[in-house]
Amino acid sequence: MKKIMEFSGDPNELDIDEWLFDLTNLYTVMKLCDQARILETMGKLTGPALRWYQENLQSFHSWEETETALRNRFKEFTSTSQLMQDLFNTYQMENESVISFYENVIRRYR
């Protein structure tokens, strides 16, 4: 059985979709009910993700709600961070005009 890595919400970490997919598969194999899934998830979270989860635990009534909340909270964060990292690694070519560089960046990140 695949070992599930801990998730902290760090942008350089696993994508939340991939992590939730693996976690849900594990819970399905273990035949856990929603309440057990919700509580077991705390053991797979660390850092800011764990703090956020504990603060919101009372609002999770089903596994589907929990998955959606986790995705909503961490998907944008990891996606935005990846976009920012890509942007910081974008350089103007030696013979490329400033206007051309600007237009290419705008087109790429729309």
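The values are calculated or read from the model by the stated rules, or taken from the named source; none is laboratory data. Because the structure is predicted, anything quoted here is derived from the model rather than measured. Please note: Cβ atoms are built from the backbone with ideal geometry, for glycine as well, and neighbour counts cover all protein chains shown. For accessibility, only protein heavy atoms count, side chains too; no ligands or nucleic acids. Shrake-Rupley method; radii C 1.70, N 1.55, O 1.52, S 1.80 Å.
Tabulated values for the structure
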| read-out | value |
| --- | --- |
| Complete set of residues in region 1-27 that are in contact with a Ser or Thr (Cβ under 9 Å, 6 or more places away or on another chain) and assigned to a loop (DSSP other than H, G, I, E, B) | E6, S8, G9, D10, P11, N12, E13, L14, D15 |
| Exclusive hit being open to solvent by less than 50 Å² (accessible area, probe 1.4 Å) and of a type in the set (D, E), set D22, D34, D10 | D22 |
| Members of region 2-45 that are polar (S, T, N, Q) and either within 13 Å of the chain's Cα centre (by Cα) or closer than 12 Å to L70 by Cβ (or both) | S8, N12, T24, T41 |
| Pair list, Cβ < 7 Å and 6+ apart or interchain, from region 50-75 residues that are touching a residue at least 40 places away in the same chain (Cβ under 8 Å) to residues that are surrounded by 12 or more Cβ atoms within 10 Å (Cβ to Cβ) and part of a loop (DSSP other than H, G, I, E, B) | F74/G9 |
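Condition check ((1) at pLDDT below 90; (2) under 19 Å from D17 (Cα atoms); (3) assigned to a helix (DSSP H, G or I)) across all residues:
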{"site": "T41", "(1), (2), (3)": "no, yes, yes"}
{"site": "P48", "(1), (2), (3)": "no, yes, yes"}
{"site": "L57", "(1), (2), (3)": "no, no, yes"}
{"site": "E67", "(1), (2), (3)": "no, yes, yes"}
{"site": "F74", "(1), (2), (3)": "yes, yes, yes"}
{"site": "Q92", "(1), (2), (3)": "yes, no, no"}
{"site": "N104", "(1), (2), (3)": "yes, no, yes"}
{"site": "R107", "(1), (2), (3)": "yes, no, yes"}
